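The values are calculated or read from the model by the stated rules, or taken from the named source; none is laboratory data. Source: prediction; values computed, not measured. Backbone-built Cβ (ideal geometry, glycine too); neighbour counts: all protein chains shown.
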Amino acid sequence: DVKVTQSSRYLVKRTGEKVFLECVQDMDHENMFWYRQDPGLGLRLIYFSYDVKMKEKGDIPEGYSVSREKKERFSLILESASTNQTSMYLCASSFFDEQYFGPGTRLTVT
Amino acid sequence: GDSVTQMEGPVTLSEEAFLTINCTYTATGYPSLFWYVQYPGEGLQLLLKATKADDKGSNKGFEATYRKETTSFHLEKGSVQVSDSAVYFCALRAGAQKLVFGQGTRLTINP
């Protein structure tokens with residue numbers, strides 16, 4: 001069965017902290033994505049990666065960076081967390097048309 | 001740029017009612033269209049898709065038809081159940097592997 005896992009379901013961090021969100025997929029997919037989900041705004045793409053060590057900016061990359069050192073793992077980094085980054089973060093991987101999503105990490109920055 | 005617009009929610013229906021969630025899109029070329037569903041506490045999962053005009057996607061009693069002339073992909077179900085309560089997202093893929101999502105529609109079905 002297809003599996004995308006995220007390191008935490010809930011996370012609380014303080015303003016200014018460096019935050020790492022980890023995502024692992026077991027399907028050998030080349031493409032991986034990070035989205036944030038906010039009420040009334042749907043899903044917005046932060047970054048995506050189509051191969052190891054490759055990354056491309058999505059629609060809202062400001063304040064975020066990513067790392068993909070291994071095919072199965074895609075990390076989202078908040079260099080200095082701010083309260084406006086409080087959100088639900090969803091990771092996905094894709095094979096052709098279909099994207100497979102992890103359960104999400106609800107991040108609160110206080 | 002490409003965009004997807006969904007009917008605003010939340011939508012509340014009684015069990016066995018007919019469901020329609022409207023979705024229209026703007027895109028260059030001929031995008032693939034999708035409906036994803038998010039059950040409480042879970043990530044999104046693909047519900048159905050259509051890749052060309054007049055295609056009908058269907059799954060779990062849900063249907064949507066790709067209408068190029070009206071740039072629409074409305075989701076329908078003839079008789080909803082309590083277990084259909086979820087958030088539904090319409091999305092398109094116009095190039096590469098990136099998806100563009102609508103804002104989501106929260107559906108609640110009362111017994």
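Based on this model, can you work out whether A:PHE74 counts as away from chain B (no Cβ under 12 Å), surrounded by 14 or more Cβ atoms within 10 Å (Cβ to Cβ), in a strand (DSSP E or B) and within 10 Å of the chain's Cα centre (by Cα)?
So A:PHE74 passes the test.
List the residue pairs whose Cβ atoms are under 6 Å apart, where the first residue sits in region A:61-81 and is more than 16 Å from A:GLN37 (Cα to Cα) and touching a residue at least 60 places away in the same chain (Cβ under 8 Å), the second is surrounded by 16 or more Cβ atoms within 10 Å (Cβ to Cβ) and charged (D, E, K, R), and the two are 6 or more positions apart or on different chains.
A:ALA81/A:LYS13
Exactly one of these conditions fails for A:TYR89: (1) at pLDDT below 95; (2) more than 10 Å from chain B (Cβ to nearest Cβ); (3) assigned to a strand (DSSP E or B). Give me its number.
Condition not satisfied by A:TYR89: (1).
Can you name the number of the only condition in (1) modelled with pLDDT of 95 or more; (2) within 11 Å of chain A (Cβ to nearest Cβ) that B:GLN45 fails?
Result: B:GLN45 passes all but (1).
May I ask you to list the residues in region B:22-39 that are surrounded by fewer than 21 Cβ atoms within 10 Å (Cβ to Cβ), away from chain A (no Cβ under 11 Å) and either closer than 23 Å to A:TYR89 by Cα or within 11 Å of the chain's Cα centre (by Cα) (or both)?
Once the filter is applied, which keeps residues that are surrounded by fewer than 21 Cβ atoms within 10 Å (Cβ to Cβ), away from chain A (no Cβ under 11 Å) and either closer than 23 Å to A:TYR89 by Cα or within 11 Å of the chain's Cα centre (by Cα) (or both), region B:22-39 yields B:ASN22, B:THR24.
So how many residues does region B:38-47 have that are over 17 Å from B:VAL100 (Cβ atoms) and part of a strand (DSSP E or B)?
Of the residues in that region, 1 qualify.
Checking the condition among the charged types (D, E, K, R) and outside any strand (DSSP E or B), which residue from B:GLU69, B:GLU76 passes?
Result of the check over B:GLU69, B:GLU76: B:GLU69.
Mind checking which residues of region B:49-66 are in contact (Cβ under 8 Å) with a residue 12 or more places away in the chain, out of contact with any helix residue (DSSP H, G or I) (no Cβ under 9 Å at 6 or more places or on another chain), more than 14 Å from chain A (Cβ to nearest Cβ) and assigned to a strand (DSSP E or B)?
Hits for region B:49-66 are B:GLU63, B:ALA64, B:THR65.
Within region A:14-36, which residues are within 9 Å of chain B (Cβ to nearest Cβ) and either polar (S, T, N, Q) or over 15 Å from A:TYR100 (Cα atoms) (or both)?
Within region A:14-36, just A:ASN31 meets the criteria.
Please specify each residue of region A:37-58 satisfying the condition of being under 14 Å from A:GLN85 (Cα atoms) and away from chain B (no Cβ under 11 Å).
Correct list: A:ILE46 only.
From the list A:SER75, A:SER87, A:SER49, A:SER82, which residue is farther than 18 Å from A:PHE101 by Cα and among the polar types (S, T, N, Q)?
So the residue among A:SER75, A:SER87, A:SER49, A:SER82 that is farther than 18 Å from A:PHE101 by Cα and among the polar types (S, T, N, Q) is A:SER82.
Restricting attention to region B:86-106, does a residue exist that is over 28 Å from A:HIS29 (Cβ atoms), more than 12 Å from chain A (Cβ to nearest Cβ) and surrounded by 15 or more Cβ atoms within 10 Å (Cβ to Cβ)?
no
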